[in-house]
Amino acid sequence: LVDFTQPAVVEANLRAALPAGVDCVVGTTGLSNETLDELAAIAPAGTCLFYAPNFTTGAVLMMQFAKAAAPYFPEAEVLEFHHARKLDAPSGTALMLAQAARDGLPYEPEYVYDRHSRRQKRAPQEIGISSIRGGSIVGEHQVIFAGDEETVILTHRAQSRGIFAVGALRAAAFLQQQPAGLYTMDDLLANAE
């Protein structure tokens with residue numbers, strides 16, 4: 001089963017498919033880690049669950065780069081751009097990028113989603129997350145690391161929606177070679193030949 005629907009729908013689909021022994025590849029964001037662990041636990045022996053908020057190699061590598069850069073540039077901002085019809089804001093990928101930066105920091109940052117009501121300087125321990133919606137933008141994510149007199153900007157652009165399908169098919173093929181369990185794009189990339 002490959003599911004890219006809505007969180008409430010995908011959870012119901014997984015609760016039916018996994019106990020029946022169907023391997024599942026999920027690209028819907030909004031499921032908590034606790035829910036994913038619970039769903040993986042209801043699967044019989046030999047059944048796999050693959051979950052990723054983004055199925056592109058570049059976005060997964062960008063998360064790794066963000067984690068590596070965060071200790072050196074602790075002021076991070078995440079921007080994401082998507083088409084006008086996208087329902088969630090921020091995107092699951094933007095949240096994963098913020099989490100990657102957070103994982104690289106020696107302190108617990110605060111996520112700030114909107115600054116228009118704040119009439120104050122940027123606090124040093126925050127990660128700003130901004131969402132842009134318009135036109136037919138497939139998806140673009142940026143993580144901006146700002147330091148004293150230098151800036152690092154990581155950018156990933158999806159040029160077509162086909163790249164997500166390619167990633168989902170790679171994930172499904174990967175599951176055919178794995179023992180039962182919960183897998184992510186990090187697992188797929190770690191086992192790439």
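Taking segment 140-186 only, how many residues are in contact (Cβ under 8 Å) with a residue 60 or more places away in the chain, under 30 Å from residue 43 (Cβ atoms) and among the charged types (D, E, K, R)?
2
How many of the residues in segment 83-95 are buried (at least 18 other Cβ atoms within 10 Å of the Cβ) and either without any contact (Cβ under 8 Å) to a residue 40 or more places away in the chain or of a type in the set (Asp, Glu) (or both)?
Total satisfying the criteria: 0.
Test residue 155 against the stated conditions and say whether it is among the hydroxyl-bearing types (Ser, Thr, Tyr) and in a helix (DSSP H, G or I).
no
Just to be sure before I move on: is residue 101 open to solvent by less than 70 Å² (accessible area, probe 1.4 Å) and within 16 Å of the chain's Cα centre (by Cα) in the structure I sent?
yes
With within 15 Å of the chain's Cα centre (by Cα), β-branched (Val, Ile, Thr) and on the phi < 0 side of the Ramachandran plot as the only criterion, which of 152, 166, 143 stands out?
Only one candidate qualifies: 143.
Within the group 80, 150, which residue is farther than 23 Å from residue 57 by Cα and either exposed (fewer than 14 other Cβ atoms within 10 Å of the Cβ) or modelled with pLDDT of 95 or more (or both)?
The match here is 150.
Looking at 125, 64 in this structure, which one is farther than 22 Å from residue 34 by Cβ, polar (S, T, N, Q) and in contact with a strand residue (DSSP E or B) (Cβ under 7 Å, 6 or more places away or on another chain)?
Matching residue, one of 125, 64: 125.
Can you find a residue in segment 35-55 that is part of a helix (DSSP H, G or I), out of contact with any strand residue (DSSP E or B) (no Cβ under 8 Å at 6 or more places or on another chain) and at pLDDT 95 or above?
Checked against the condition, which is being part of a helix (DSSP H, G or I), out of contact with any strand residue (DSSP E or B) (no Cβ under 8 Å at 6 or more places or on another chain) and at pLDDT 95 or above, segment 35-55 yields no hits at all.
Taking segment 79-97, which residues are touching a Pro at 6+ places or on another chain (Cβ under 8 Å) and assigned to a helix (DSSP H, G or I)?
Of everything in segment 79-97, those that are touching a Pro at 6+ places or on another chain (Cβ under 8 Å) and assigned to a helix (DSSP H, G or I) turn out to be 92, 93, 95, 96.
Looking at (1) over 14 Å from the mean Cα position of the chain (by Cα); (2) surrounded by 22 or more Cβ atoms within 10 Å (Cβ to Cβ), which is the only condition residue 68 fails?
(2)
For segment 3-34, what are the residues that are at negative phi, part of a loop (DSSP other than H, G, I, E, B) and open to solvent by 10 Å² or more (accessible area, probe 1.4 Å)?
4, 5, 6, 22, 23, 27, 29, 31, 32
What pairs come out if I take residues in segment 4-27 that are farther than 22 Å from residue 87 by Cβ and pair them with residues that are loosely packed, with under 14 Cβ neighbours inside 10 Å and not charged (D, E, K, R) whose C-beta lies under 6 Å away, six or more apart or interchain?
Matching pairs, first to second residue: 18/42; 19/42; 21/44.
The values are calculated or read from the model by the stated rules, or taken from the named source; none is laboratory data. Every value quoted in this text rests on a predicted model; they were computed, and no experiment measured them. Note that each Cβ is placed from the backbone with ideal geometry, even for glycine, and that neighbours are counted across all protein chains shown. SASA here: full protein model, heavy atoms, side chains in, ligands and nucleic acids out. Shrake-Rupley method; radii C 1.70, N 1.55, O 1.52, S 1.80 Å.
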